[in-house]
Amino acid sequence: MKMFPNDWFDNPERLNRLIDIAQSSFLPLVKGALLYSLTLAIISFFIGLILAILTALARISGIRPLVALARIYVSIIRGTPLLVQLFIIFYGLPSIGVMIDPIPSAIIGFSLSVGAYSSEVVRAAILSIPKGQWEAAYSIGMTYWQALKRVILPQAARVSIPPLSNSFISLVKDTSLAAAILVPEMFRKAQELVASTYEPLLLYVEAAFIYWMICFVLSILQDRIENRLDRYV
């Protein structure tokens with residue numbers, strides 16, 4: 001089995017055309033990645049992290065209605081595919097009169113997903129803090145919320161940084177699913193270019209390369225953040 005068609009290399013005109021397509025498509029793909037893919041990931045992760053903290057606190061609150069509500073939310077989001085959730089928000093809700101534009105639909109879907117998955121990370125990080133830390137905070141007169149804000153959450157943040165960083169990198173890749181609801185992010189741009197050039201292999205490999213480069217840079221930043229946090233352990 002040959003990886004590339006013979007005319008990719010045997011035909012100079014064909015090869016030159018592929019080079020021209022690769023050069024002309026690179027900037028639109030990068031633009032789609034920076035303006036939409038990364039922006040979607042950052043906004044959705046920030047909102048999702050707030051949801052995750054609230055959900056984690058609800059899970060450990062001991063208040064039965066809050067615990068039940070948080071468990072149902074996490075179960076539904078973790079138990080259904082993200083693509084299906086996006087379709088429900090963008091294509092399903094209009095049937096009951098709720099119209100949401102593509103970008104807000106993507107932000108809602110991604111934020112709910114991040115909130116559900118990251119809530120377990122945050123909850124585990126909070127529970128990993130020794131009980132002695134709570135007792136020490138109470139002994140100097142702190143209330144529950146003061147102890148949580150000033151003692152527990154800062155320590156839990158350090159524990160949760162590595163898995164949350166991995167979640168963000170995964171989210172950057174998952175933004176490609178937004179192409180299915182008409183968000184003009186990088187993968188959507190690649191599909192549009194394929195429709196006009198009829199070169200799917202070249203353009204999809206180019207898009208995959210850009211995704212890989214973004215995630216590679218984010219992985220380097222993650223390592224540096226973890227190394228800096230380790231200095232204070």
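Values quoted throughout were computed directly from the atomic coordinates according to the rules given, and no laboratory measurement underlies them. This one's a predicted model, so the numbers in the text were calculated from it and none came from an experiment. Every residue, glycine as well, gets a Cβ built from its backbone with ideal geometry; the counts of neighbours run over all protein chains shown.
Couple of notes before you dig in:
- Whenever a residue of the stretch 13-34 is free of Cβ contacts under 8 Å to residues at least 12 places away in the same chain, its partners that are charged (D, E, K, R) and surrounded by fewer than 14 Cβ atoms within 10 Å (Cβ to Cβ), lying with C-beta atoms within less than 7 angstrom and at least six residues away or across chains, give the pairs Arg14/Asp7.
- Residues in the stretch 101-114 that are over 14 Å from the mean Cα position of the chain (by Cα) and within 27 Å of Leu164 (Cβ to Cβ): Pro102, Ile103, Pro104, Ser105.
- Applying the set (1) out of contact with any Pro (no Cβ under 9 Å at 6 or more places or on another chain); (2) surrounded by 15 or more Cβ atoms within 10 Å (Cβ to Cβ); (3) touching a residue at least 24 places away in the same chain (Cβ under 8 Å); (4) more than 18 Å from Ala156 (Cβ to Cβ) to Leu83 leaves exactly one unmet item: (2).
- Summed over the stretch 165-221, the residues that are over 20 Å from Gly48 (Cα atoms) and acidic (Asp, Glu) give a count of 3.
- Qualifying residue in the stretch 126-147 (condition: farther than 22 Å from Ile43 by Cα, in contact (Cβ under 8 Å) with a residue 60 or more places away in the chain and in contact with a helix residue (DSSP H, G or I) (Cβ under 6 Å, 6 or more places away or on another chain)): yes
- You will find that of Ile76, Ile60, Ile72, Ile88, the residue that is exposed (fewer than 12 other Cβ atoms within 10 Å of the Cβ) and of a type in the set (A, V, I, L, M) is Ile72 and no other.
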